[in-house]
Amino acid sequence: MQNTKNSKKEDYKLNIAIAICFLVFAVIIIYIFVKSNEGNKPTQASTDMFTDGKNTEVKLDGIGFTMTAGNYICGIDFPPGQYDIQATKGQGNVFATNGLNEIMAKENDDFAIDTYNGSTFALGDILSITSTLKITFGSNAAEIENYTGREKTKNTFKLETGNYLVGTDLPSGTYNIVCTSGSGNIYSDSSTFTLNETMSAENANSMSSYDDLYIKKYNNAILEDGTILSLSGIDVKLTLTQPVDNQEQDN
């Protein structure tokens with residue numbers, strides 16, 4: 001009987017010893033696993049590869065422009081920023097890819113406004129002005145170093161009344177268009193960059209009846225390949241424009 005009790009005690013001690021061994025072994029395995037994975041944790045050095053490590057200082061300052069009928073691209077024709085718009089002459093539509101869409105006129109009435117404040121433009125946004133409207137476009141906090149400006153090239157085209165296929169009759173590009181003869185309409189069938197204006201070679205400033213009807217010049221008409229440009233009753237001169245190459249100037 002005594003031997004049986006001693007045997008049970010020894011078995012119990014053996015089981016305890018085995019359990020302790022398993023526990024120690026498990027702790028060792030867990031410790032090894034944790035230590036081996038510490039090297040896989042993201043460190044500051046590894047996350048830095050997603051940044052350039054540079055603190056770019058954006059210079060903000062006041063700037064202003066006078067604009068008439070045409071298209072104006074943020075980053076080329078004016079810098080990014082928040083702008084106030086004031087109609088100073090004529091009437092027409094002001095719309096942009098940032099969501100702006102207003103009828104404006106020098107005289108505020110039930111159909112048009114003379115002022116629009118706080119319109120924010122980012123790089124690549126396009127501002128468009130139609131008809132005889134003339135505006136001042138100003139900002140007190142624009143990124144004045146973040147635009148190139150635009151220049152005329154020596155590439156010009158004289159077109160008479162008729163239809164012209166862009167890419168065949170003249171190359172695609174951005175053009176300043178001046179009416180040189182007659183009074184009539186200029187139209188493009190582009191659904192992206194709308195052009196539909198009444199133009200006249202007469203000086204609108206000298207004829208009050210023309211002030212609200214005709215323009216003599218359209219700035220930065222964007223003509224893409226495949227677009228049909230139609231002229232009715234007018235002859236025009238197109239001058240190709242391009243962004244100023246500041247790197248070339250620096251050299």
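Computed from the coordinates by the stated procedures, all read-outs in this text should not be read as laboratory data. Every value quoted in this text rests on a predicted model; they were computed, and no experiment measured them. For neighbour counting, all protein chains shown are included, and Cβ atoms are generated from backbone atoms with ideal geometry for every residue, glycine included.
The ranking of Leu240, Leu127 from fewest to most other beta carbons within 10 Å of each one's beta carbon is Leu240, Leu127. Close amide H contacts of Ile85 (hydrogens built in the peptide plane, cut-off under 5 Å, sequence separation of 5 or more or a different chain): Tyr116, Asn117, Gly118. Under the criterion of Cα pairs below 8 Å and six or more residues apart, the relative contact order for the stretch 114-224 equals 28 percent. Among beta bridges from DSSP that stay inside the stretch 150-243, the antiparallel ones total about 95%. Each of Ser181, Ser200 was scored by other Cβ atoms within 10 Å of its Cβ. Arranged with the fewest first, they read Ser181, Ser200.
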